[in-house]
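Structure first, commentary second.
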Amino acid sequence: PLRTSRNLCRTHLTTRPTSLVGGVGREFIPIPESEAAPAALALYAQGLAQLHGYRWIEAARAFHTALRLEPSLVLAELGLVRAYEGMKDPVRADVHMERARKLESASGSRDALLVNALQLRRLGHQTGPAGPAAHRAYRKALDEILKTYPEDVEVLLLRGNASEAVAW
């Protein structure tokens, strides 16, 4: 019962709407293929900055709010995958991974490549031989993205983290 209560509290905290705030960084990855609303993109950028600062709950709130404005923003779903991974909540991370996969076909090529890479990252969390193999495949997928988008700062950061021995 206590664990369920904690999960309900976390769910409420992470899904509560937020607004744009200053002082969280200036992270922003241009999304040239997107026709998303500027407000949704600004909230995505805020969530990304909060992810980089390990502020998982605030990042999740920003991504959820962005998705309320732009339900097809696959990058916000991927942001939620990463935020819930940071909160050690694999169930919710997997829910948002599945949502991102469903949006993947309507997304641009970079976004589709990121969806596939982060799916491998999720698999890299498995125990046994499947985990390390998926982690190697994740690194390779990021390398492939960087061949097409060599100056993509976010993918460069993901690749740097992926150089560690484990997925997390």
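Rule-based calculations on the coordinates, nothing more; no lab input. In this text, all values refer to a predicted model and were calculated from it rather than measured experimentally. For neighbour counting, all protein chains shown are included, and Cβ atoms are generated from backbone atoms with ideal geometry for every residue, glycine included.
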Between residue 95 and residue 146, with labels modelled 7 Å along Cα→Cβ, what's the label distance in nm to one decimal, could you check? 3.4 nm
Relative contact order of the stretch 44-165 (C-alpha contacts under 8 Å, at least 6 apart) in percent is 15 percent
Quick one: dipole size for the stretch 37-168, taken about the Cα centre, charges +1 on Lys/Arg Cβ and -1 on Asp/Glu Cβ, in debye to the nearest 20. 240 debye
Among the aspartates and glutamates, select those whose C-alpha is under 14 Å from the C-alpha of residue 102, and discard any that sit fewer than 8 residues away in the same chain. 77, 94, 111
